[in-house]
Amino acid sequence: MSAFFRVAALVVRKDLTVEVRSLEVVSTTLFFAVTVVLIFAFGFVKEGVPMDGVAAAILWITVAFSGTLALGRTFERERQADTLRALMLAPADRPALYAGKLVGMLLLMALVELILVPLVGLLFQAPIFRAPLRLAGLLAAGTLGFAAIGTLFAAMLVRARSRDVLLPVLLYPMTVPVMIAGVRGTAALFQPQPDAGMAQFWFALLVFFDVVFVTLALWTFEPLMTD
Amino acid sequence: MSDFDTVSADGVGRHYGRRRALTNISFTARAGDIVGLLGHNGAGKSTLLSILGTLLAASTGVVRYGGLTSDAAGASLRARIGMLGHDLFLYPELSARENLVFFGRLYDMPEAARAADAALERAGLAARADDLVSSFSRGMRQRVALERALLHGPRLLLLDEPFTGLDQASAAALVGRLREEQARGVVTVLATHDLDVVDGLLNEVVFLQGGKRVAAPASAGTLRDRYREAMHAS
């Protein structure tokens with residue numbers, strides 16, 4: 001088990017070193033996320049007043065779109081020098097390699113969300129500090145579910161010619177349940193009378209999806225990558 | 001640890017849907033053998049290397065590493081395989097030393113940093129060890145990539161176009177390095193188009209055309225002559 005975590009940590013450290021040096025994925029993802037939120041703000045905020053109940057949906061749409069961009073760019077980097085194959089050739093547990101890539105992706109998306117959430121709160125007057133821990137929990141659980149499947153698909157598609165088209169086509173239908181749970185849970189927190197019970201229900205559902213998706217991805221990563 | 005001194009492909013094939021990339025390939029390589037995979041682009045050389053490297057599952061047939069198969073041995077078998085791909089398998093944003101240390105640690109080498117320094121010394125790149133790989137010429141990258149493939153002392157070495165981008169002196173140095181590995185008993189399988197460079201180096205040649213092995217000509221000319229004859233005869 002310690003070998004699993006050692007390999008995953010090596011991959012995370014390597015990914016972070018590469019990203020700190022290039023800032024390529026963080027900068028493009030962040031720029032894209034801020035642009036999306038601003039465009040929505042021009043459409044849904046009239047005379048300083050946002051439309052009712054749109055903040056949660058805009059937050060999760062932006063997480064999904066920017067996450068897809070980050071997944072594509074991260075694995076494009078592994079494709080350019082075929083380094084994903086070098087990782088697969090190492091005598092390490094292949095699920096540990098997947099776990100390392102997943103954690104790297106989660107850290108990246110968390111960084112983007114740190115900027116994204118206050119921006120949505122500011123532009124759409126969403127009460128992000130009303131129940132910060134519940135909101136953080138929903139975001140963490142939803143991001144994990146999205147990234148778990150996204151990392152698996154992005155790794156699978158690394159050598160596919162039409163990977164940029166196939167990734168969203170495969171990813172969005174699979175992660176619709178995560179997005180629905182994320183939006184409904186967040187909306188329950190953002191509404192004028194917050195419904196903690198409803199938010200808790202959607203959070204529990206997200207945790208269930210996370211367990212299913214992460215287990216499925218760890219189980220299928222090796223056969224999918226060698227066939 | 002899974003060790004072996006022969007590698008044999010027995011009726012190995014690979015298809016993608018209805019397209020056959022490789023059909024019924026068989027050969028055996030023993031300790032110290034250098035096997036050349038020769039053929040035009042798209043002949044199936046890289047596919048065969050990927051199957052030998054356990055990166056791709058064979059659709060038919062089996063590859064045996066001594067008494068082991070890739071399914072049975074898994075990670076411990078991969079620890080005995082080194083591979084240099086056409087795309088070099090290096091992170092351009094990391095320095096040469098960081099690349100080697102990362103892969104050394106991935107292979108669970110206890111002295112990865114020391115091994116990386118020794119490898120860079122061998123490659124004649126000790127002075128550039130902390131430079132990013134992105135700043136290297138193709139030839140320098142190729143030398144680092146070869147050291148990466150050899151870092152963990154593999155028993156089976158798989159090389160895809162190892163002479164690409166190398167000048168004459170570097171190519172000669174690589175041939176010398178392969179002979180050293182040969183003397184250590186390493187089984188080397190390499191795919192190349194640089195026929196003049198590998199003439200006299202190979203113990204066995206597998207000529208591939210359209211994913212199938214074609215018969216080696218009986219004539220005793222240069223490798224280039226035999227290659228032409230094999231490709232035209234089929």
**Q.** Summed side-chain charge close to A:Trp60 - residues other than A:Trp60 whose Cβ falls under 12 Å, Lys, Arg +1, Asp, Glu -1
**A.** 0
Q: Provide the packing ranking of B:34-41, A:25-32, B:142-149, i.e. peptides ordered by the mean count of other C-beta atoms within 10 Å per residue, highest first.
A: B:142-149, B:34-41, A:25-32
(Q) Helix-only mean residue ellipticity at 222 nm, chain A, DSSP H runs n ≥ 4 weighted -39,500 (n - 2.57), per residue, nearest 500. What is it? (A) -29500 deg cm²/dmol
Q) Cross-link partners among lysines for B:Lys45, C-alpha distance below 17 Å, same-chain residues fewer than 8 apart left out? A) B:Lys212
Q: Could you list which residues have their amide H under 5 Å from that of B:Ile25, counting only those 5 or more apart in sequence or on another chain, with H placed in the peptide plane?
A: B:Gly11, B:Val12, B:Gly13
Q: Check the straight Cα-Cα distances from A:Lys101 and name the lysines below 25 Å, setting aside those fewer than 8 residues away within the same chain.
A: A:Lys14
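How high is the relative contact order of chain A, in percent, counting Cα pairs under 8 Å that sit 6 or more residues apart? Could you put the intermediate results ahead of the total?
Working: 243 pairs, mean separation 59.7, N = 227.
Averaging sequence separation for qualifying contacts and normalising by length gives 26 percent for chain A.
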Q: Determine Rg/Rh for chain B; Rg is computed over alpha-carbon atoms and Rh is the Kirkwood hydrodynamic estimate from the same atoms.
A: 0.97
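What value in Å³ per residue do you get for the convex hull of the alpha-carbon atoms in the stretch B:92-153?
Numbers: hull volume 4.0 nm³, N = 62.
For the stretch B:92-153, the hull spanned by Cα atoms encloses 65 Å³ per residue.
Remind me, relative contact order of chain B in percent, using alpha carbon pairs under 8 angstrom and six or more residues apart? Could the numbers behind the result be given before it?
Values: 439 pairs, mean separation 68.4, N = 234.
Relative CO of chain B lands at 29 percent.
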Q | Hypothetical label at A:Arg6: residues of the stretch A:93-111 whose amide nitrogen lies under 12 Å (7 Å Cα-Cβ projection) | A | A:93
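Other chains' Cβ within 10 Å of A:91-97 residues: what's the mean?
Going residue by residue through A:91-97 and averaging, the value is 4.
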(Q) For B:Ala191, what residues show an amide H to amide H distance below 5 Å, using hydrogens built from the backbone and excluding near sequence neighbours? (A) B:Leu37, B:Leu159, B:Asp160, B:Glu161
Q.
Angle check, please: helix A:55-80 long axis (alpha carbons) against the longest principal axis of chain A (alpha carbons), in degrees 0 to 90, nearest 10.
A. 20 degrees
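Averaged over its residues, how many other protein chain Cβ atoms are within 10 Å of peptide A:8-14's Cβ atoms? Before the final figure, lay out each step's value.
Details: counts 0, 1, 5, 2, 0, 2, 9.
So the per-residue partner count for this stretch is 3.
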Q: Provide, in order from the shortest bin, the percent of all Cα-Cα pairs of chain A in each 5 Å bin, continuing until the bin that contains the maximum pair distance.
A: 1, 7, 14, 18, 19, 15, 11, 7, 4, 2, 1, 0
Q.
Given the whole protein assembly as supplied and a 1.4 Å probe, what does the accessible area of A:Ile115 come to in Å², nearest 10?
A. 80 Å²
Q: Can you pull the one-decimal nm distance between simple spin-label points at A:Leu122 and B:Thr69, each 7 Å off the Cα toward Cβ?
A: 6.1 nm
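May I ask you to work out the translational diffusion coefficient for the stretch A:1-99 at 37 °C, viscosity 0.692 mPa s, via Stokes-Einstein with Rh from the Kirkwood sum over Cα pairs, reported in whole µm²/s?
Working: Rh = 16.0 Å.
This corresponds to a translational diffusion coefficient of 206 µm²/s.
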Q) Roughly how many nanometres apart are two label points built 7 Å out from the Cα toward the Cβ at B:Asp108 and B:Asp131? A) 3.6 nm
Q. To the nearest whole number, what is the average tally of beta carbon atoms from other chains within 10 Å of the beta carbons of peptide B:102-110?
A. 5
Q) HN-Hα J couplings of the stretch B:185-195 from phi, Karplus 6.51/-1.76/1.60, θ = phi - 60°, integer Hz, Gly and Pro as x? A) x, 6, 8, 10, 10, 10, 9, 7, 10, 7, 5
Q) What do you get for Rg/Rh over the protein assembly as shown if you use C-alpha atoms and the Kirkwood form of Rh? A) 1.06
Q. Ignoring ligands, DNA and RNA, how much accessible area is buried between chains A and B, both sides summed, with a 1.4 Å probe, to the nearest 100 Å²?
A. 2600 Å²
**Q.** Whole-Hz ³J(HN,Hα) from phi, Karplus 6.51 cos²θ - 1.76 cosθ + 1.60, for the stretch A:170-182, glycine and proline x
**A.** 7, 6, 5, x, 5, 9, 4, x, 5, 5, 4, 4, x
**Q.** Interchain or long-range residues, amide H under 5 Å from B:Leu56's placed H
**A.** B:Ile51
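Counting each DSSP H run of 4 or more residues in chain B as -39500 (n - 2.57), what helix-only mean residue ellipticity at 222 nm follows after dividing by all residues, to the nearest 500 deg cm²/dmol? Mind showing how you got there, number by number?
On the way: 9 runs with 82 residues, N = 234.
When only DSSP H runs of four or more count, the value is -10000 deg cm²/dmol.
For a protection proxy built on the mean count of beta-carbon atoms within 10 angstrom, sort A:43-51, B:16-24 highest first, please. Intermediate results must be reported in sequence, preceding the final value.
On the way: A:43-51: 11.4, B:16-24: 13.9.
Top of the packing list down: B:16-24, A:43-51.
Under 8 Å for C-alpha pairs, at least 6 residues apart: give me the relative contact order for the stretch B:92-153, rounded to a whole percent. Could the numbers behind the result be given before it?
Details: 65 pairs, mean separation 28.7, N = 62.
Answer for the stretch B:92-153 is 46 percent.
The values are calculated or read from the model by the stated rules, or taken from the named source; none is laboratory data. Remember, predicted model here, so these are calculated numbers, not experimental data. Note that we place each Cβ from the backbone using ideal geometry, even for glycine, and neighbour counts take in every protein chain shown. Accessible surface areas use protein heavy atoms only, side chains included; no ligands, DNA or RNA. Shrake-Rupley method; radii C 1.70, N 1.55, O 1.52, S 1.80 Å.
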